[in-house]
Each structure stands twice: as C-alpha cells, then as structure tokens.
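Just below is one structure, and these are the notes that go with it.
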2 protein chains.
Amino acid sequence: MREYDAAHYDVIVVGAGHAGSEAALAAARMGRETLLLTINLDMVAFMPCNPSLGGPAKGIVVREIDALGGQMGRNIDKTYIQMRMLNTGKGPAVRALRAQADKHAYHRTMKRTIETTEHLTLRQGIAESLIVEDGVCKGIVTNTGARYSADSVILTAGTASRGKIIIGELTYSSGPNNSIPSIKLSESLEDNGFVLTRFKTGTPPRVDGTTIDFSKTEEQPGDKEPNHFSFETPDSAYLKDQLSCWMTYTNDTTHQVIRENLDRAPMFTGVIEGVGPRYCPSIEDKIVRFADKPRHQIFLEPEGRETEEYYVGDFSTSMPEEIQHKMIHSIEGLENAQMMRPGYAIEYDVVEPWQLKPTLETKVVENLYTAGQMNGTSGYEEAAGQGLMAGINAALKQTGRDPFILDRSEAYIGVLIDDLVTKGTKEPYRLLTSRAEYRLMLRHDNADLRLTEKGHALGLINDDRFDSYEVKKAAVEAELARLATIRLKPTPEIQAFLAAKGEAPLKDGVLASDFLKRPEVKYADLIQFIPAVEGIDNRVVEQVEIQIKYAGYIDKEKAKIAKLKRMEAKKIPANIDYDAIEGLATEGRQKLQKIQPETLAQASRIGGVNPADIGILSVYIQQGKIAKVK
Amino acid sequence: MREYDAAHYDVIVVGAGHAGSEAALAAARMGRETLLLTINLDMVAFMPCNPSLGGPAKGIVVREIDALGGQMGRNIDKTYIQMRMLNTGKGPAVRALRAQADKHAYHRTMKRTIETTEHLTLRQGIAESLIVEDGVCKGIVTNTGARYSADSVILTAGTASRGKIIIGELTYSSGPNNSIPSIKLSESLEDNGFVLTRFKTGTPPRVDGTTIDFSKTEEQPGDKEPNHFSFETPDSAYLKDQLSCWMTYTNDTTHQVIRENLDRAPMFTGVIEGVGPRYCPSIEDKIVRFADKPRHQIFLEPEGRETEEYYVGDFSTSMPEEIQHKMIHSIEGLENAQMMRPGYAIEYDVVEPWQLKPTLETKVVENLYTAGQMNGTSGYEEAAGQGLMAGINAALKQTGRDPFILDRSEAYIGVLIDDLVTKGTKEPYRLLTSRAEYRLMLRHDNADLRLTEKGHALGLINDDRFDSYEVKKAAVEAELARLATIRLKPTPEIQAFLAAKGEAPLKDGVLASDFLKRPEVKYADLIQFIPAVEGIDNRVVEQVEIQIKYAGYIDKEKAKIAKLKRMEAKKIPANIDYDAIEGLATEGRQKLQKIQPETLAQASRIGGVNPADIGILSVYIQQGKIAKVK
Ligand SMILES: Cc1cc2nc3c(=O)[nH]c(=O)nc-3n(C[C@H](O)[C@H](O)[C@H](O)COP(=O)(O)OP(=O)(O)OC[C@H]3O[C@@H](n4cnc5c(N)ncnc54)[C@H](O)[C@@H]3O)c2cc1C
Ligand SMILES: Cc1cc2nc3c(=O)[nH]c(=O)nc-3n(C[C@H](O)[C@H](O)[C@H](O)COP(=O)(O)OP(=O)(O)OC[C@H]3O[C@@H](n4cnc5c(N)ncnc54)[C@H](O)[C@@H]3O)c2cc1C
C-alpha cells in the first residue's frame, strides 16, 4: 500500500470493543486528542457472546469502572432489559448485580457516547502495523495506507487477532460473528519482539424464541427492588417492563448425542490448539469432565427487545452444526426450536501479559499499551476495566503525571491487572471472587466510596457527581457516629422484639451500633426503637448496615491491607539485573528477571519466588545495592 | 466439508438483503415452508449505501410492493426519520415519495418481521453450492456442510457475490461494509452453465455530524403534509419530530483535488473492471464527464436517529482515502468534518438477466430463481420488487398455479423485469420514470388501485385491507359519477372565482367534472359551489382530481395499452427453434434464440429484432408452424 501522512493524535486506540471504548473515552475526557480506530463501526462495543453484563466479581468491576468515571455502567443502565441482584442470601462480598442487555441498543448507545465526546474521533479502519523507533511507539499504519503519528498507542484487538472460527470440521479465518479478522497487526507485534500465544473461547447457538416452548422451562424474572450499575442512575429510573430469562436442562439424550460425536468435536480431535477458558467450558467439555453429572442448567436469554433471538446460555459449543441441531432438539422446551446461528469456537492471538507493566504499558515497546481480551482475559467487564486503566495511564504519562495503579486491596481491577502482569495466565483469565484476598473490602456496594475520589482527581468524575458522593459519604459517617452514641435500654418492646426474632434478650443498655450487629436485627428494625433520620437514603442505610454488621471482618482485612501497603511501598528500581544479586534461587531469579516486578509486594506474588528470595531482595533494596541493567 | 442432510423446505431463499427479505416473506405468507439463509443475521435488510428509500420511479415501486402485500412500505413507515413528496409542482406521473430511513431501525424491524412470520425460518449460513439434477435445482449446500433440499431455490446474493472492495490502490475481497463475501456460490453458478459478468457500484464517505458546520449548508426539512408509503399506514401516524437533511456543494477546490489525483482513481487507472451505474456516477466520474460544471450538489443525510453518522449523498467515490479527506475538507460546511468511514467501490458478479424468464426463474436451471442486485439492477427498491416477484412465482409454481407476471402497463415492477429479461443490461440497471411508456398510468397514488386485487388474489393482502381498498375504490367511482351529473351554472360567485384565478368565465352551465378539468380549479374550490360529500377521504379526493384532470392523457395511454395487451396475448411456445423459421434476419434470429421471448410483444422489444421479423413470427405463430427445439 502507498502510505500517506494522516493526522497526529495524542492517543490512538485500536479496536472499539469494550476495552477500546473505555480507553478512548478516558483519554479524551482527560483532554487528550484521541483517535479510536475500529474494523467495523457497526460493531462498536458489540457483545459477541452472552447478552449480559455483571455477575459475581464482574458486576463489581462495572461499578468500579463507574466510580472511576468510565462508561459501561451508565450505558448498561440505559439499555438493560432485566436486572437481578445475585446471592442476596449471602454475605455482602459475594452479592453481585447482573443485567441482561439489549445488546444492539448497548452497541448503539456506546457508539453515540463516543461520537458525542469531545477530543474523540471515531473512524473505521484496520491498524496493520506499529511505527516503532528506538523502542518507542510513534504511531500506526492502517490498511488504507494512513500513517497516523501518536504519543501513545493502545491496542485492544480482542478476539479479532488472527481470529479463526471453528465449527466441527469447518475452520476459517474470521473475527467474532463473521467479521473481518486482524491479521497484520499480530505480525507487526511479533516483528517488534512480542511473545504471542493462542487462546480460544466459544459461544453457544442462538435460537428463535417463537419456536421455544417456554411452558416447559422455568421463568427467571427480573427483580422488583430497583438496582442499577451506575452510581448516577436514580432508583426512579428502574425499568418496569423487564423481560424474563428461562431455565431448562440438558439430559441423558443430550449427553449421549455429544458423547457419540466426540470424534468430531474440535475440542478433542486436536483441531483447536488455543487454550480455552476453564471457567466457561463448552458443553462437550462439561460432559467429558463431569461425566457423572446427570444434567446441566441451560439459560435462555433474550438478545434484545426487538429481536426473537435467544442466547442458549451455558451451552457453548464447537460441535459440527449437524450435531448442534440434535443437541438443541434434545432439550426440554427446545424440541422444535429453530437454530438461528450455530455455536462456534474462536482461536485468537494473545500478548502474554507478563510483558506488561501495571499501567498496561508494554515493557517491550514504550508508549504502547495493550488491554482487554488480547491480554489474555475473557469477559466484557475485564476488558472494559483494563481499557479504562490503559486510557488513564496513557493520558497521565503524556502530561507528566504519576501512573495510576490500583492495588489488590482497592479494586477488582487492581487484582485483575496485578494477576496478569505478575503471574501471566495460561488460559483465558476470568475474574472470580476467590481471586481477591480482600473481598470483603471490594464490595459492589462501596465501589463509589473506594474509587470516586480517585476518579475525581483524574478529572473523570465531574463536580456534581463528586458532590453527591461526598454528601453520601458524609451521611454514612454521620449515621455511623450517631448510632455509636445512642443507647438502647432493655425496654419490654425491645425484649419482645428480640424474643420474636429468636435472639437473646438484652441484659443491659446497649449502643445502637452494637444492637445492629446482631444477625437478626436490620436497620429497619432498629429505627423502631430510636429516632429516625428523616429522608435518609437507601444507599446510606445499606452502607451503615454492612459496615456495622461486618465491622469485625472488615477490621481484620484492613490490618492485612496495611501490611500489604507497606510492602507495596517498597519500590524496586526499574530494569534491574537479577543475575547480579547473589543468593537468589535459580527459578526465582529467572521469574524476577522476566516479570521485573515494581514493588516487593508484587515480587512476593510471583509464583516460584520464595520467601528467602524476597528476604534477600528486601535487604538489597534497602542497601540500594541493585545493579541496573544498563 | 463433510456434508449432512439438513431439512427439506418448499422454498429456500439465499441472502436476506432487500430482495431476499421480500422473497422469503412472500413465499412463507403464501403458505410455503421457507428457509431464509444469510451470511450475517446482523445485516438483514441492511442499507449499505444511502439511508433512504423512494424517490422518482423507486418510490412508486415501494407502493407497488405494498399493494401486492410486500413489506418494504410498511417497514419504512415505522422507521423513517424524514418524509418528503418530490416534484409536487409537476404532473402526477413524476411525483414521488422519498423517506430518509433510520437504517439500523429498518434492519431491526425487517429482521423482527421475518422472525415472527409463520412458515419462515431465518438462519445464518453461507450457501456454497447448488444441488442440480438433470437441469432441475433440488437444493443447496452450505459452508457448514448442511445439504438442504428444496422445491425451489431463490438466489439474492447482492453485491456479496465475489465482492471486491476498492479504495484507491487498496483492493480486497469483501462483501459490502466489510462483510464476508460469497465466493463459492458464484463458482457453482458458473459450473452450472450460467454466464456471469462484473458490475461495480460505489458509496460515499460518512462523516461525523458533530463536526459539520450546518450553518454553512441549506436545510432540507421534511414535509408538513402527511404521506406514507404503505396504503395501510394512517395519516395520523405521521411523524412530527423529523430530522433534516442539509445541502451543500462541491467547488473549484474539490474539483481540482480530484483532477490532480485522477492518476490514482481506480475508475480511470483500470483497477475497476466492473461496469458502473450511469445514473449513480461517482464524483470523480462527474468531474470528468461534466468538466465545465462549476459545482455539484451534495446532500448530508443522517444515518439514523441514534447516531451522528452522516451520509454524504451524491459524493460516491473510490479515490484513495488520503484524497477523500481532502475532498471532504474542501466543501463548505465540511471544512472540519471528520470522516468516519471512507467511500469505496465494490465489484461483484451478476447473472446476465437474459438468462431469466419473466417469472425470474432461470432458463438454465429449472426451479432456480435469481433476484435483486445479482440480476444486474441497482437499488433497494428494484431489488425488493424482484424479490417479491420471485417469491410469489416460486410459490405459485409449486402449487400448480399460473405464473404471476406484471406487464409494462401494470407496474414499474413489470417494466423493470421486462427490461431485464428482454434487453439484458450492460450496466447496473436503475428504474427511471423515462423507462415507462405508460407512466401516467403507473402513478404512485394509484398503485393500490392497480395492484391490490392481484395481491389479494395471491393471498398476500388480507381481507381487512382488501375491504378498505374496495371502499376507497367505490368512493372514487361514486364521486366521479356524481361529478359527471352535477351541473354548475354561471353564477356571479363562480365567475368572480374564475376571474380571480385568471380563468375564462363560464359561458354556459358546465358539468362539475368538466369544471374540475380547468388547470386552476382544485377539488377544494369546486366543492364551494356544489354540495360536499361528508367525510370524503383525502386519498379519494386525490384520485378524483387526478383522474378527471388527466383524463385525456390517461385515455390515450389506455388505448396504447389495449394494443399492447393484444400483442402480449400472442404467446410464443416455449423452446422454439428460430433457425427453423425462414426469412428472419440474422441478428433478429440470434437475439430471439438467446432471449426466447414469451410473447410477441416481448419479442418486439428485443433490440435488433425488426418489425419484419415480428411480422414473420406473427404469421408463424398463427399458423402453429413453429418447430420446437426437442
Ligand atoms: C465467540 C466468542 C465467545 C466468547 N465467549 C465468552 C464467554 O463465554 N465469556 C466471556 O466472559 N467472554 C466471552 N467472550 C469474550 C468477550 O467477547 C471479550 O472478552 C470481550 O468482547 C473483549 O473485549 P475487547 O474489547 O478486549 O475485545 P473485542 O470486544 O473483541 O473488541 C475488539 C475490537 O477491536 C477491533 N479490532 C481488532 N483488530 C483491529 C485492528 N487491527 N484495527 C482496528 N480495529 C481492530 C475489532 O474489530 C473489535 O471491534 C467471547 C468472545 C467471542 C468472540
Ligand atoms: C457500496 C455499495 C454502494 C451502493 N450504492 C448504491 C447506490 O448508489 N444506489 C443504489 O441504488 N444502490 C446502491 N447500492 C446497491 C444496493 O445496496 C443494492 O441495490 C441492494 O442492497 C440490493 O439488494 P439485494 O437484496 O439484491 O442485495 P444485498 O442488499 O446486497 O443483499 C444480499 C444479501 O445476501 C447475502 N448473501 C450473499 N451471498 C450469500 C450466500 N452465498 N449465502 C447466504 N447469504 C448470502 C448477503 O450477505 C446479503 O445479506 C450499493 C451497494 C453497495 C454495497
């Protein structure tokens, strides 16, 4: 291609998926002239798999993105068709909000947001190569020959990177949903010294809702109680007319059809070389791995308000189309269901994430960032969280400000990125509650309290929003303080109330906050016995209740966090030569050399680095003895 | 690919563009079990070029489709963002309705219509080969190995057929808008003996509306007066909140930029081999062909209600992207406009349409039909009209009913198909008012009167709709009859009225209908002087007015049509051997052999067949002398 000098931008973001959309919005909102380049404008923020956002851990990420001034929460709040709070019976750490999305409306809304954001240009085009000079990224070149120069480039190519679709014996080069794949960008990354690997993911068939017998399935309606992802969305905006999901099950016949055709399953015949997501297995994988499970749940999820397509949730498959028809028809409620699109697997390139700094800038090429699925994660929320952080850090670096890194105690986003850059990942990485050491701190309900100030300092949360946050925060503190002063006497009413709840009677007077600690006592109960605060907000009550009830656990986590922070404060200088440090074990030395951790805490989390190594390292750092590479 | 026997359908339609959508809906509504197979479900009834429907001749086709029970009119009425009646100052034959579409909403609405239509299955998949046995089409095989059998197959592959996108020096294999092209189906057509040719079409860039300076352009708002495409849509549904289009112009600088870069214009460097549409030329073509025109109009048309993308109408181009930026920035109002997608040309395969019968069944393979862009036309409406006819004819043939053919006096659809199958086309064929000999009969206002009965007989117009049609028709006839009996006397009021209008005074009493014939007299004027009919419908008045005012011309056309009908009634037996007919001129003989016309009228329209040939043929037919091929 004949090249031409196209414009200069402060930041160029390649790919307008979930990662790229957030990255570009953040950079532009921080005042950087930003170009967002993507293969197909009709697929901006497209959901190639499940039409939903949120759920355990992921839902918390959406709220974190929102508290930091990202877009995902606000836009799903405009386009959901069902909202549900999961795990309401369990502790607050695992509660999670989940929305069914109108996936097309979500796309349109995000595209519109991008189009109307200042400093941001959205353009269709395919980035084919990086312009790198002396190890520094200076821009990109597109398929149409446009040479864009830039101070930072953020790549978020998702599953399009040398994408290959697989359906039974059929394989072809393609991005998700039969879109154009990105081939040359991968080659350019390799040319620039990046180590790539192959991952795979899969999606289930879609069926025509007019051919489903819903009477044979179990309805899963949305919640009556209002909830939203964004801290900006008022409860009054809660959607009344929600669509239901429907639950059904696989059965013996389904399993038999699959088992009889395993010799044609690309998962098992060697056709699929990429590593798949352990926590999102295909149905054929589940049948093999859990051979004695008599059935698996299947969720039928509407893909939007204006279509009859249903997503067959938890039924991801790359079996031949012929077999997929049979599998579907074996399921109760789907006996006559017409398949509209077959399920498929997709293999794609991943930048092994140990090549990244915690800012998501690559160690290999300066001013180049990668985010999203191409860093080895799986999931829209994980992608969006990374995109936001990459956009923020690119903008910060350009303006000479300190990097923005969230640690593991501050946000799931911190856990995610720290895991990626410290441990790498051998399979598509999905956030799980269990990955967070401080999960009682990383709740969905307190994401605003954890992160709004940071978002505001970055310039991503406006003053209005910040003011409401401060009002809420003050109200929570005031109420906590008030409850810590009011005493309840063991009146007959209180004793009767406790007896009715099966709780022990009061022996003495007790602080209102201590009274609320009792498992059976709710804030709503408490204020029968003490003066109420007029007009107190639901969300304030929620905080007060959780912070008081879980105070013991929370305090313990806070103590652990304080220790972490001390370790995190011990910075390791950049580019040090671990070979020059005596006494390190061989494996530890190699891993440290590869990962180049930025803090002692990060070093301690690297698999293969043992406590003795950390001890030696700690002494060396204190003595300022470490030898730089150059 | 390993193949498997998939289902049997009465009708299989390949491609859910504008042609395929209508074909499939018609066949299914006529009770045929129909499969509609398309490459990407997210592009059903997608508009790859202008976000609008209608205009001269084309708008009439939309109404004809509607009167026959097709879908295009009903769906644009649900999704337009602006409606305008064009040429209101001119005669009724050239008046035309034009709508700006919310193109994404149009897609969604058509997809939903298809999903919810009985007997119709919509499925994503790529048809790769035809199953043909002894010259009869028996089904198709898809990329996933599905072998579908069918009684009829209708191909509507549009510009995806071996599509090749061209932007300056860049060319790549692709369907419209970077979608997957259809490669193997073309090969299968060739294998089965079809003659294919290459056409090309092009589309302009899209720009970001937030970067247009609309103050430098002229606003083109929608009409206040309600109008719709479908005869079903009530005026009360007329959209109040319409979006405007905006007009600007090319100028010297634009032309200079283009002229200086003609050496890089694929149109002129030989890169483009396909034949382009004469009536939709690219801007570089216009600059070259009309070198002394100082400027060309450009229309900025919103692509939908929820996007900021604007279509730069009448600015189609395949210049290199670099030049496109410059061309855009040279235009008033677009100085700072950001291009979101570059314009491009696309080359694609066409089935030379002389290989078709007037039913759109191919002569080469029985029970195989082709429709839309792949028959050499250009335009959504032309495609939809053909699709409807192919769907209807496939259904009719299967149920042993007579074919449904519209002649040139009955509908623009008739003109279109007759032109295609009789004359073939050397370039993308577009309907123009001038192609119709009987254009005063083929008005947009009387499409219902022309075609509703036929649609009802086919089972595509339901009884309710038919009843309203009959009520209207009766009302028109009653009012015509009434006006032909009421006499107006030359009262002082009438004479004063005529004087004010500058018309000659009445000498004598006159029939109300004759009074209405006067150019300056409107129906609204007339009923000041005679009793009004209470509650008479606007649309009835429109008919009465036109039918009376243009009675003279209409009668003349009717006489010509009667002659045509006599010729059309002279059927030529199928598969005759023109070599066995003595006296035919060589060229006429060859053309007749190739086209195999079905009537003497059709034979007379074949270029190269002269009146003497027709005379000879006519005698032979009357004498039953023609020798069959076999
Ligand atoms: C078939 C399938 C199944 C999936 N299943 C699951 C699942 O079960 N669970 C789950 O959590 N996640 C699943 N995912 C993953 C989910 O789609 C991703 O995690 C998420 O979309 C990642 O967002 P992203 O922004 O990183 O990438 P994407 O959403 O893929 O966006 C990348 C964007 O970049 C564009 N692009 C790529 N290369 C270029 C280039 N060179 N120039 C310009 N633009 C470019 C692409 O066109 C695309 O728009 C699945 C994805 C697919 C495709
Ligand atoms: C770039 C561009 C510019 C254009 N400019 C103009 C213009 O200026 N003026 C104008 O009047 N018209 C223009 N058109 C033409 C207009 O798009 C077509 O006339 C109209 O869309 C034709 O409708 P169709 O149904 O015949 O084909 P399409 O709308 O192209 O639909 C064909 C469908 O078939 C599907 N398909 C193809 N092959 C297969 C297969 N093997 N298996 C399954 N599905 C298949 C495709 O994916 C597609 O969905 C332009 C088109 C393009 C692409």
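The values are calculated or read from the model by the stated rules, or taken from the named source; none is laboratory data. Because the structure is a prediction, the values reported are computed rather than measured. When we count neighbours, we look across all protein chains shown, and the Cβ atoms used for this are built from the backbone with ideal geometry, even at glycine.
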Q: Test residue A:178 against the stated conditions and say whether it is among the polar types (S, T, N, Q) and within 16 Å of ligand 2 (Cβ to nearest atom).
A: yes
Q: Give the number of residues within the range B:100-150 that are more than 28 Å from residue A:41 (Cβ to Cβ), away from chain A (no Cβ under 14 Å), buried (at least 21 other Cβ atoms within 10 Å of the Cβ) and in contact with a helix residue (DSSP H, G or I) (Cβ under 8 Å, 6 or more places away or on another chain).
A: 1
(Q) Condition (residue is of a type in the set (Gly, Ala, Ser) and away from chain B (no Cβ under 14 Å)) applied to the range A:160-170: is it met by at least one residue? (A) yes
Q. Got a sec? Which of B:27, B:57 is away from chain A (no Cβ under 14 Å), under 23 Å from residue B:228 (Cβ atoms) and either buried (at least 24 other Cβ atoms within 10 Å of the Cβ) or among the basic types (Lys, Arg) (or both)?
A. B:57
Q: Only residues that are within 15 Å of ligand 1 (Cβ to nearest atom), outside any helix (DSSP H, G or I) and among the charged types (D, E, K, R): list them for the range A:103-131, please.
A: A:123, A:128
Q) Looking at the range B:279-301, is at least one residue within 14 Å of chain A (Cβ to nearest Cβ) and either in contact with a Ser or Thr (Cβ under 8 Å, 6 or more places away or on another chain) or of a type in the set (A, V, I, L, M, F, W, C) (or both)? A) no
Q. Can you pull out the residues in the range B:272-288 that are among the aliphatic types (A, V, I, L, M), without any contact (Cβ under 8 Å) to a residue 60 or more places away in the chain and surrounded by 21 or more Cβ atoms within 10 Å (Cβ to Cβ)?
A. B:287
Q) over 19 Å from residue A:26 (Cα atoms), in contact with a Ser or Thr (Cβ under 7 Å, 6 or more places away or on another chain) and away from chain B (no Cβ under 11 Å): does that describe residue A:67? A) no
Q: Would you check if there is a residue in the range B:289-302 being assigned to a helix (DSSP H, G or I), in contact with an Asp or Glu (Cβ under 7 Å, 6 or more places away or on another chain) and surrounded by fewer than 15 Cβ atoms within 10 Å (Cβ to Cβ)?
A: no
Q.
Among the residues of the range A:54-71, are any under 26 Å from residue B:41 (Cβ atoms), of a type in the set (A, V, I, L, M) and at pLDDT 95 or above?
A. no
Q | Residues being modelled with pLDDT under 90 and of a type in the set (A, V, I, L, M, F, W, C) - total across the range B:543-571 | A | 3
Q: Being more than 25 Å from residue A:309 (Cα to Cα) and within 13 Å of ligand 1 (Cβ to nearest atom) is the filter here, so list the residues in the range A:332-365 that pass it.
A: A:348, A:349, A:350, A:351, A:353, A:360
Q: Please work out which residue is nearest to residue B:430 (Cα to Cα), limiting yourself to the range B:372-388 and to residues that are more than 7 Å from ligand 2 (Cβ to nearest atom) and among the aliphatic types (A, V, I, L, M).
A: B:384
(Q) Please verify whether residue A:161 is within 16 Å of ligand 2 (Cβ to nearest atom) and touching a residue at least 12 places away in the same chain (Cβ under 8 Å), treating the condition exactly as stated. (A) no
Q.
Residues that are in contact (Cβ under 8 Å) with a residue 40 or more places away in the chain and over 19 Å from residue A:282 (Cβ atoms): list the strands (runs of 3 or more DSSP E) wholly contained in the range A:324-416 that include at least 2 such residues.
A. A:344-351, A:368-370
Q: Report yes if residue A:273 is within 30 Å of residue B:113 (Cβ to Cβ) and in contact with a strand residue (DSSP E or B) (Cβ under 7 Å, 6 or more places away or on another chain), otherwise no.
A: no
Q) How many residues, within the range A:1-56, are near ligand 1 (Cβ under 8 Å from one of its atoms) and over 23 Å from residue B:320 (Cα atoms)? A) 14
Q) For residue A:494, all conditions in the list (1) in contact with a helix residue (DSSP H, G or I) (Cβ under 9 Å, 6 or more places away or on another chain); (2) part of a loop (DSSP other than H, G, I, E, B) hold save one; what is the number of the exception? A) (2)
Q: Under 6 Å between Cβ atoms, at least 6 apart or on separate chains: pull out the pairs that start in the range A:444-469 with a residue that is at negative phi and end on any residue that is modelled with pLDDT of 95 or more and of a type in the set (Asp, Glu).
A: A:447/A:64; A:451/A:64; A:469/A:448
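Yes/no matrix, rows are residues, columns are (1) in a helix (DSSP H, G or I); (2) over 30 Å from the mean Cα position of the chain (by Cα):
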residue	(1), (2)
A:552	yes, no
A:561	yes, no
A:565	yes, no
A:574	no, no
A:584	no, yes
A:589	yes, yes
A:592	yes, no
Q. So which residues in the range B:542-577 are in contact with a helix residue (DSSP H, G or I) (Cβ under 7 Å, 6 or more places away or on another chain), within 18 Å of residue B:235 (Cβ to Cβ) and in contact (Cβ under 8 Å) with a residue 40 or more places away in the chain, if there are any at all?
A. B:543, B:544
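Taking strands (runs of 3 or more DSSP E) that fall entirely within the range B:178-268, which contain at least 1 residues that are more than 14 Å from chain A (Cβ to nearest Cβ) and under 24 Å from residue B:294 (Cα atoms)?
Working: elements: B:196-203, B:206-208, B:218-220, B:245-249.
Because the criterion is at least 1 residues that are more than 14 Å from chain A (Cβ to nearest Cβ) and under 24 Å from residue B:294 (Cα atoms), the strands (runs of 3 or more DSSP E) in the range B:178-268 that meet it are B:196-203, B:218-220, B:245-249.
Based on what the data block shows, is residue A:440 in a loop (DSSP other than H, G, I, E, B), surrounded by fewer than 22 Cβ atoms within 10 Å (Cβ to Cβ), aliphatic (A, V, I, L, M) and out of contact with any His (no Cβ under 6 Å at 6 or more places or on another chain)?
Considered against the rule, which asks whether it is in a loop (DSSP other than H, G, I, E, B), surrounded by fewer than 22 Cβ atoms within 10 Å (Cβ to Cβ), aliphatic (A, V, I, L, M) and out of contact with any His (no Cβ under 6 Å at 6 or more places or on another chain), residue A:440 comes out as yes.
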Q.
Take the residues in the range A:302-346 that are within 14 Å of chain B (Cβ to nearest Cβ) and polar (S, T, N, Q); name whichever of them is nearest to residue A:274 (Cα to Cα).
A. A:318
Q: Scan the range B:191-217 residue by residue and report those that are more than 16 Å from ligand 2 (Cβ to nearest atom) and within 27 Å of residue A:122 (Cβ to Cβ).
A: B:207, B:208, B:209, B:210, B:211, B:212, B:213, B:214, B:215, B:216, B:217
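If we scan the range A:246-269, do we find a residue that is surrounded by 13 or more Cβ atoms within 10 Å (Cβ to Cβ), closer than 30 Å to residue A:451 by Cα and not acidic (Asp, Glu)?
Checked against the condition, which is being surrounded by 13 or more Cβ atoms within 10 Å (Cβ to Cβ), closer than 30 Å to residue A:451 by Cα and not acidic (Asp, Glu), the range A:246-269 yields no hits at all.
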Q | Positions within the range A:366-406 being buried (at least 24 other Cβ atoms within 10 Å of the Cβ), away from ligand 1 (no atom under 13 Å from the Cβ) and not aliphatic (A, V, I, L, M), in sequence order | A | A:393
